[in-house]
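Inspection log for the structure reproduced underneath, given as structure tokens.
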């Protein structure tokens, strides 16, 4: 792994129970929308199921930020990729998308439980938090703000992680924060008790995508695809989708592919990585 990326290996003993070839490790790379510990906790049931179905250990990897994660995608650092759709155009020829979450990925504007912010115009003159600037929700939020608050009467504060921004709102360090509805669902009951989601018209974003490395053999790719759709039928899978709000898996459509290109120009400008140079 290159500097800036790191493995999060938990319960290695599972490989002893399931793996025919313990020395083989499949790297599941997850976009860093939450802390490493939280990513592992949330996705461990899926990781365990993949390990069982693939017959080898599956290790969860992430990167220190979205910029490094994009570099890791381009460098083919992962075997299985779990990412927001805006990075998929940069993975062509390196990864092949195999599944998407069923749930629509929507912008959520989180405010304090007793906040005076009740409509879009109330965001004027407020301190608004945005996640990592290469994240899908940072770029999409700028589009949304330009369209809905064109006068630009607000201040922006950047937070490295979605959950950090939500916590800042709960602690009254921010007036509002842009995030994903599904991320808000994954916050603690204590945080939910101090915050709420502002009622705004739906703003749909590209889906979250699972993709497999083109370096994997055809049989492994087939097993990964089948395992993902089998997982949602298990008790563990049903609990996972209930807690995360992702509903389940579905096949990828042409509409999905088209939507993933919506923010390509901004990603290139912010990251300095050009698709034509990959």
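The values are calculated or read from the model by the stated rules, or taken from the named source; none is laboratory data. Since we're looking at a predicted model, the values are computed, not measured. Counting neighbours? That spans all protein chains shown, and the Cβs are built from the backbone with ideal geometry, glycine included.
If I go through region 64-85 residue by residue, how many of them are in contact with a strand residue (DSSP E or B) (Cβ under 7 Å, 6 or more places away or on another chain) and either part of a strand (DSSP E or B) or closer than 17 Å to residue 273 by Cα (or both)?
Here is the first cut: in region 64-85, the ones in contact with a strand residue (DSSP E or B) (Cβ under 7 Å, 6 or more places away or on another chain) are 68-69, 72-73, 76-85.
Next cut, either part of a strand (DSSP E or B) or closer than 17 Å to residue 273 by Cα (or both) only: 68-69, 72-73, 76-77, 80-85.
Qualifying residue count, region 64-85: 12.
Tell me the residue from 237, 272, 245 that is out of contact with any helix residue (DSSP H, G or I) (no Cβ under 8 Å at 6 or more places or on another chain) and outside the structural domain of residue 182 (by TED's automatic domain parsing), please.
Exactly one residue qualifies, and that residue is 272.
In this structure, is residue 98 part of a strand (DSSP E or B), assigned by TED's automatic domain parsing to the domain that holds residue 161 and over 12 Å from the mean Cα position of the chain (by Cα)?
no
When you look at residue 88, is it modelled with pLDDT under 95, under 20 Å from residue 228 (Cβ atoms) and part of a helix (DSSP H, G or I), yes or no?
Working: modelled with pLDDT under 95: no; under 20 Å from residue 228 (Cβ atoms): yes; part of a helix (DSSP H, G or I): yes.
No; evaluated as a whole, the condition is false for this residue.
At pLDDT 95 or above, surrounded by 21 or more Cβ atoms within 10 Å (Cβ to Cβ), assigned to a helix (DSSP H, G or I) and in contact with a helix residue (DSSP H, G or I) (Cβ under 9 Å, 6 or more places away or on another chain) - does that describe any residue in region 26-34?
No: region 26-34 contains no residue that is at pLDDT 95 or above, surrounded by 21 or more Cβ atoms within 10 Å (Cβ to Cβ), assigned to a helix (DSSP H, G or I) and in contact with a helix residue (DSSP H, G or I) (Cβ under 9 Å, 6 or more places away or on another chain).
For the subset of region 129-162 comprising residues that are over 19 Å from residue 263 (Cβ atoms) and touching a strand residue (DSSP E or B) at 6+ places or on another chain (Cβ under 6 Å), which member is surrounded by the most Cβ atoms within 10 Å (Cβ to Cβ)?
Among those residues, the one meeting the criterion is 129.
Give region 133-161 a look and list any residue that's in a helix (DSSP H, G or I) and more than 16 Å from residue 206 (Cβ to Cβ), or say none. Full working, then the answer.
Of the residues in region 133-161, the ones in a helix (DSSP H, G or I) are 136-148.
Residues satisfying the conditions are 145, 146, 147, 148.
Taking the criterion of being in a loop (DSSP other than H, G, I, E, B), in contact with a strand residue (DSSP E or B) (Cβ under 8 Å, 6 or more places away or on another chain) and crowded, with 22+ Cβ neighbours inside 10 Å, would at least one residue in region 190-208 satisfy it? Step through it out loud before you land on a result.
Of all residues in region 190-208, those in a loop (DSSP other than H, G, I, E, B) come to 198-203, 206-207.
From the residues that got through so far, the ones that are in contact with a strand residue (DSSP E or B) (Cβ under 8 Å, 6 or more places away or on another chain) too are 198, 200, 202-203, 206-207.
Add one more test, that the residue is crowded, with 22+ Cβ neighbours inside 10 Å, and what stays is 206-207.
Yes; the residues of region 190-208 include at least one that is in a loop (DSSP other than H, G, I, E, B), in contact with a strand residue (DSSP E or B) (Cβ under 8 Å, 6 or more places away or on another chain) and crowded, with 22+ Cβ neighbours inside 10 Å.
Would it be correct to say that residue 150 is within 26 Å of residue 47 (Cβ to Cβ), modelled with pLDDT under 95 and not assigned by TED's automatic domain parsing to the domain that holds residue 251?
It is false that residue 150 is within 26 Å of residue 47 (Cβ to Cβ), modelled with pLDDT under 95 and not assigned by TED's automatic domain parsing to the domain that holds residue 251.
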